[in-house]
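This report concerns only the one structure given below.
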Amino acid sequence: MNTAVKLGSYVLGLAVVFGGALGVGKVVGPVGTQPAAEDHAAMAAPTTSASATHGEHATAKVQDDTPGGLQVSENGYTLNPITTTIKPGEPTDFRFTVTGPDGKAVTDYQVEHDKKLHLIVASRDLTTFQHVHPEMAPDGVWSVKLTLPKAGPYRAFADFAATGGSALTLGADVSVAGDYRPEAFPEQSRTVTVDGYEVTLDGDLTPGQSSKLTLKVSKDSKPVTDLQPYLGAYGHLVALRARDLAYLHVHPDGEPGDGKTQPGPEIVFYAEVPSTGDYRLFLDFQHEGEVRTADFTLGAGERPQAPASEPTPTPTGHGDDGHSH
Ligand SMILES: [Cu+2]
């Protein structure tokens, strides 16, 4: 209780303590390698000013670089799932609130992409994905019918901006009871077929840089040139990082009615991923009145070698480690 009050009341203090911890790490590192006399001097010097400087730096960095979706609470806003029991394959009324800095359920939201709140639900193994739009009751309780196909851990992401607040993506774990059979992470793929539509992905993800991704939609081997606007765009792309499900913002290039963006067959996005590794990309697009989702796996940067899948080095006569060819 006392701790909770302290945490709530002294956010600035918390930031300084957190930054201070980082600062200590930075100070201690070099100090350990220095002569004892300097070590002593460093110990005697007041650490508060140095820590505060590091604290400001660290706090700003965290706010700038941390991807969305990894936290259930951020900037005073918290995602609170109400529904706790979900069975596989059964339509369930999934309910939740978003509470604001005053602790009350938020009821005023800014409209983004035609909606006040976008809810993404993905299985932790990133083999299933849903993008839905819950309805909000006057008391701020959101609800949506969800059918989660199989047992196991899921992550729900609420993408919203409260009136007067900045855009946030909060994430909360959701469990589906039953016999859980985790699936292997989907292999890298650039062509996907969904409901008779073939979607190809062109472009590469480069960590730390805005990367252009072009998705092209065809049906019966013919380019689709009459995609329909869905939520103010011809396509919506969500990128989730493998293993921690970091939620990455992807910006569409152009929008319907801007005089230059064509309704297919190509939909262009700019994505910036924070690190090397694998990402799952989920494209929602609408054609002939129905929204479909095409999913891809794409690696960013140089991917770490998986020792188990490395080919056995063949003897080259040089005794090399396989990099020689
Ligand atoms: Cu949405």
- Task: Could you list all residues from region 241-263 that are at pLDDT 90 or above, within 28 Å of residue 184 (Cα to Cα) and surrounded by fewer than 18 Cβ atoms within 10 Å (Cβ to Cβ)?
- Result: 242, 243, 244
- Yes or no: residue 293 more than 16 Å from the ligand (Cβ to nearest atom), farther than 18 Å from residue 205 by Cβ and of a type in the set (Ser, Thr, Tyr)? no
- Message: For region 173-188, check the following and say yes or no: at least one residue is more than 16 Å from the ligand (Cβ to nearest atom), buried (at least 17 other Cβ atoms within 10 Å of the Cβ) and free of Cβ contacts under 8 Å to residues at least 60 places away in the same chain.
- Response: no
- Selection status of residue 273, at pLDDT 95 or above and of a type in the set (Val, Ile, Thr): no
- Query: Which condition number does residue 74 fail, the rest of (1) buried (at least 17 other Cβ atoms within 10 Å of the Cβ); (2) of a type in the set (Asp, Glu); (3) within 30 Å of residue 181 (Cα to Cα) being met?
  - Reply: (3)
- Task: For residues that are within 16 Å of the ligand (Cβ to nearest atom) and either free of Cβ contacts under 8 Å to residues at least 24 places away in the same chain or not aliphatic (A, V, I, L, M) (or both), tally how many sit in region 156-167.
- Result: 3
- Message: I'd like the full set of residues that are within 13 Å of the ligand (Cβ to nearest atom) and either small (Gly, Ala, Ser) or open to solvent by 70 Å² or more (accessible area, probe 1.4 Å) (or both), limited to region 102-134.
- Response: 111, 113, 114, 115, 116
- Query: What about residue 146, is it at pLDDT 95 or above, surrounded by 16 or more Cβ atoms within 10 Å (Cβ to Cβ), within 16 Å of the ligand (Cβ to nearest atom) and among the aliphatic types (A, V, I, L, M)?
  - Reply: yes
- Test result for residue 170, of a type in the set (A, V, I, L, M, F, W, C), within 13 Å of the ligand (Cβ to nearest atom), surrounded by 15 or more Cβ atoms within 10 Å (Cβ to Cβ) and under 28 Å from residue 252 (Cβ atoms): no
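If I filter region 222-240 down to residues being touching a Lys or Arg at 6+ places or on another chain (Cβ under 8 Å) and either closer than 22 Å to residue 205 by Cα or open to solvent by 40 Å² or more (accessible area, probe 1.4 Å) (or both), which single residue comes out as farthest from the ligand (Cβ to nearest atom)?
223
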- Every residue from region 222-259 that is of a type in the set (A, V, I, L, M) and within 21 Å of the chain's Cα centre (by Cα): 231, 233, 237, 238, 239, 240, 242, 245, 246, 248, 250
- Query: Within region 84-101, restricting attention to residues that are surrounded by 14 or more Cβ atoms within 10 Å (Cβ to Cβ), away from the ligand (no atom under 16 Å from the Cβ) and within 13 Å of residue 146 (Cα to Cα), which residue is modelled with the lowest pLDDT?
  - Reply: 86
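The values are calculated or read from the model by the stated rules, or taken from the named source; none is laboratory data. No experiment lies behind these values; they were computed from the predicted model shown. As a convention, Cβ positions derive from the backbone with ideal geometry for all residues, glycine included, and neighbour counts pool all protein chains shown. The area values use the complete protein model at the heavy-atom level, side chains included, leaving out ligands, DNA and RNA. Shrake-Rupley method; radii C 1.70, N 1.55, O 1.52, S 1.80 Å.
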